[in-house]
Amino acid sequence: MKIFIHLIRMLSVLGICFSILIETPSHAAEFRVGLVLDKGGKDDKSFNFSAYQGAMRAKNELKIFLKYVEATDDNAVAPMLRFFAQKDFDLILAVGFSEADALRKTALQFPKKKFAIVDSEIHLPNVRSLLFDEIEGSFLVGAIAAQISKTGSIGFIGGMDIPFIRRFEEGFFAGAKWIHPKIKVISHFVGVTADSWNNPAKAKELAVAQYELGADVIFGAAGGSGTGIFDAAEEKKKFAIGVDSNQNWVKPGFVLTSMVKRVDQAIFATCKDALDGKF
């Protein structure tokens, strides 16, 4: 009886060891993707949310291993990128121009690793730059806003006041003027720091002021701050225009349309290309 029990225990141990041996190669062969979201986080209902959706689609359809992290501030980006590179991830994705400097330095330190960044151009052989013509989509929603406006006054609210977001403003202004050359466009920015992407209270304050000045449609390119614009639209019974992802569902009846920027498709395509050896 003792011999039998001892034999069962040995088989159990061997079974566990065997299980580990057959699982390890499978895990090692798994294509690993690391995603670094910026301060807005995956729940910003906008830019980061779209990137997260693309990565999750890649996880589900391509059967990759995905790990994502949210940078609480700009100083946290570099350590997160290095972590993924040191842990032997196959593809490392950075979301947002604010991560460009950190990614450039990390890509130089790990030249055999594959990196990609959204909304910034980095000229390194191991980095893919994912760029969009935001000005074109902004032109279209500017034209729509001008057609819908009954007051002859519309508004734009950007997140961080930088040249990149000025392109949204420029396209919106041009589209509106193309429809009605004399239309008035009121423009504000939430701020000049990275906190501008996650300050819905300030965005709401600016939106309420614009509505009170006569604007009846406001286009927001403000990341997570944009939810404040939607709250103001509902409060004032006016229209807002979403950005990046389809935000019409956030405040049904008050979000006129969204300038959809398919970050999700760019992220998915990059994961697939890297997995297929076409990076």
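Here are some notes:
- Within the stretch 194-231, considering residues that are β-branched (Val, Ile, Thr) and in a helix (DSSP H, G or I), the one surrounded by the most Cβ atoms within 10 Å (Cβ to Cβ): 229
- Scanning the stretch 34-54 for residues that are open to solvent by 10 Å² or more (accessible area, probe 1.4 Å) and among the polar types (S, T, N, Q) returns a single hit, 53.
- Selection count where residues are assigned to a strand (DSSP E or B) and either among the charged types (D, E, K, R) or more than 23 Å from residue 262 (Cα to Cα) (or both), scope the stretch 109-128: 2
- Scanning the stretch 169-191 for residues that are in a helix (DSSP H, G or I) and among the hydrophobic types (A, V, I, L, M, F, W, C), we see that the one that is surrounded by the fewest Cβ atoms within 10 Å (Cβ to Cβ) is 178.
- Residues of the stretch 148-168 that are assigned to a helix (DSSP H, G or I) and either in contact with a strand residue (DSSP E or B) (Cβ under 8 Å, 6 or more places away or on another chain) or open to solvent by less than 60 Å² (accessible area, probe 1.4 Å) (or both): 148, 164, 165, 166, 168.
- The set of residues from the stretch 161-188 being closer than 19 Å to residue 230 by Cα and in contact with a helix residue (DSSP H, G or I) (Cβ under 7 Å, 6 or more places away or on another chain) comprises 168, 172, 185, 186, 187, 188.
- Of the residues examined, residue 132 is not one that is open to solvent by 10 Å² or more (accessible area, probe 1.4 Å) and either more than 18 Å from the chain's Cα centre (by Cα) or β-branched (Val, Ile, Thr) (or both).
The values are calculated or read from the model by the stated rules, or taken from the named source; none is laboratory data. Please read these numbers as outputs of a predicted model, since none were measured by experiment. Neighbour counts run over all protein chains shown; Cβ positions are idealised from the backbone, glycine included. Heavy atoms of the whole protein, side chains included, go into the accessibility calculation; ligands, DNA and RNA do not. Shrake-Rupley method; radii C 1.70, N 1.55, O 1.52, S 1.80 Å.
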